[in-house]
1. Do we have E265 as open to solvent by less than 40 Å² (accessible area, probe 1.4 Å), of a type in the set (D, E), modelled with pLDDT of 90 or more and under 29 Å from E178 (Cβ atoms) here?
2. Of the residues that make up the range 203-216, is at least one modelled with pLDDT of 95 or more, surrounded by 19 or more Cβ atoms within 10 Å (Cβ to Cβ), closer than 20 Å to L229 by Cα and not charged (D, E, K, R)?
3. Looking only at the range 238-262, how many residues end up being buried (at least 16 other Cβ atoms within 10 Å of the Cβ) and either among the small types (G, A, S) or over 17 Å from S194 (Cα atoms) (or both)?
4. May I ask you to list pairs of residues, at least six apart or on different chains, whose Cβ atoms are under 7 Å apart, with the first in the range 56-76 being closer than 21 Å to S167 by Cβ and the second being open to solvent by 50 Å² or more (accessible area, probe 1.4 Å)?
5. Could you grab me the full set of residues in the range 141-189 that are among the charged types (D, E, K, R) and under 26 Å from E256 (Cα atoms)?
6. When you check E200 against the structure, is it surrounded by fewer than 19 Cβ atoms within 10 Å (Cβ to Cβ), farther than 20 Å from L111 by Cβ and over 21 Å from the mean Cα position of the chain (by Cα), yes or no?
7. Just to be sure before I move on: is V235 outside any loop (DSSP other than H, G, I, E, B), open to solvent by less than 40 Å² (accessible area, probe 1.4 Å) and touching a residue at least 60 places away in the same chain (Cβ under 8 Å) in the structure I sent?
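The values are calculated or read from the model by the stated rules, or taken from the named source; none is laboratory data. Keep in mind that this is a model prediction, so the values were computed, not measured. With ideal geometry, Cβ positions are generated from the backbone for all residues, glycine too; neighbour counts draw on all protein chains shown. Note: accessible area is taken over every heavy atom of the protein model, side chains too, but ligands, DNA and RNA are not part of it. Shrake-Rupley method; radii C 1.70, N 1.55, O 1.52, S 1.80 Å.
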Amino acid sequence: MGLTAKIKDVVGMIKDKVSQSKAAILSKSTNLSLHLALLRATTHDPFSPADNKHIDTILSFGHSSRATAATAVEVVMDRLQRTRDSSVALKCLLIVHHVVKHGEFILLDQLSVRPFTGGRNYLNLSNFRDNSSPLTWELSSWVRWYAQYIETILSTSRVLGYFFASSSCSIDIDKQEEKISALTNSYLLMQIVSLVGLMEEICKRPDSLHVKVNKLVNQIMGIVGEDHLSAINEVSVRVSEFRERLSGLSFGESVELVCTLRRLENCKERLFELSSSKGAVMESFWGFISEIKDGVGTEKDEGKLVITVRRGKAGESSDGGRFMMRKSSFRAV
């Protein structure tokens, strides 16, 4: 570690101490534990992960009133928008991610309406740069990607009608299949396209030499790995539903389904890095996707593209046509 990096680390430690002392003096007694937990969870140390104990303290504010939950989301977002430190920004984004996955519905509700404009880049971090050292420069690319990834989770959640991979919004698989079976082809396609887009965003994660053994980055990829498995389950149940509808798809729907599944297959190698320990199960998933995609063949007839349904391939399956990987089958990677 160079002299400049050492000085930055010392300055970061001083900033953390000063911020915590300032919060202890100026914060209202009702919000003191929130502010201290946030500061302790989002230190300037680029090598240490966010402490789960402090993240849990922040999440606990979702058990109180709507006003308290709104305050919790506001202070996290305020720190995220104000910081120019890549380590602090990553840890703030990690807290937001935890809110999505483990927060009570009242916290999720506050997150969904802030900021009110919504849309792409609403976290406003696409131009984030921390050039104080080579490490923070690389971590900046992780900040930009992670912010975009969380934005994609939120946009996918709007399409699904519930927060993706959230423990507060989990439903029984059989009930989920029942709801999905009632969807129109166009809306079902819209959901699959959105989920594939989320998986494509996972594949865009940076490849950085200096952070391969960074505990903070590993902490982030652990929770992203869980999302990856949830996305596979979400895609599986919807593709299984389309298997039952292949013969009734319109030309446009067939083309879009094939193109979307091809996009998904293009993610195979990059996604496999997150689930190499589940090799056999993952191969079954990709085999299932290929089977359904090949069940809708494309061929040219007098210059026109024709969609044909191959019943013999997509219409038969050893498990009756349904592929589902239950969440209990997976652990965080």
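1. In short, no.
2. no
3. The total comes to 5.
4. Matching pairs, first to second residue: T57/S33; L59/H102; G62/E104; H63/E104; V73/R114.
5. First, pick out the residues of the range 141-189 that are among the charged types (D, E, K, R): 144, 151, 158, 172, 174-175, 177-179.
Those that are among the charged types (D, E, K, R) and under 26 Å from E256 (Cα atoms): E151, R158, E177, E178, K179.
6. Against the criterion (surrounded by fewer than 19 Cβ atoms within 10 Å (Cβ to Cβ), farther than 20 Å from L111 by Cβ and over 21 Å from the mean Cα position of the chain (by Cα)), E200 does not qualify.
7. no
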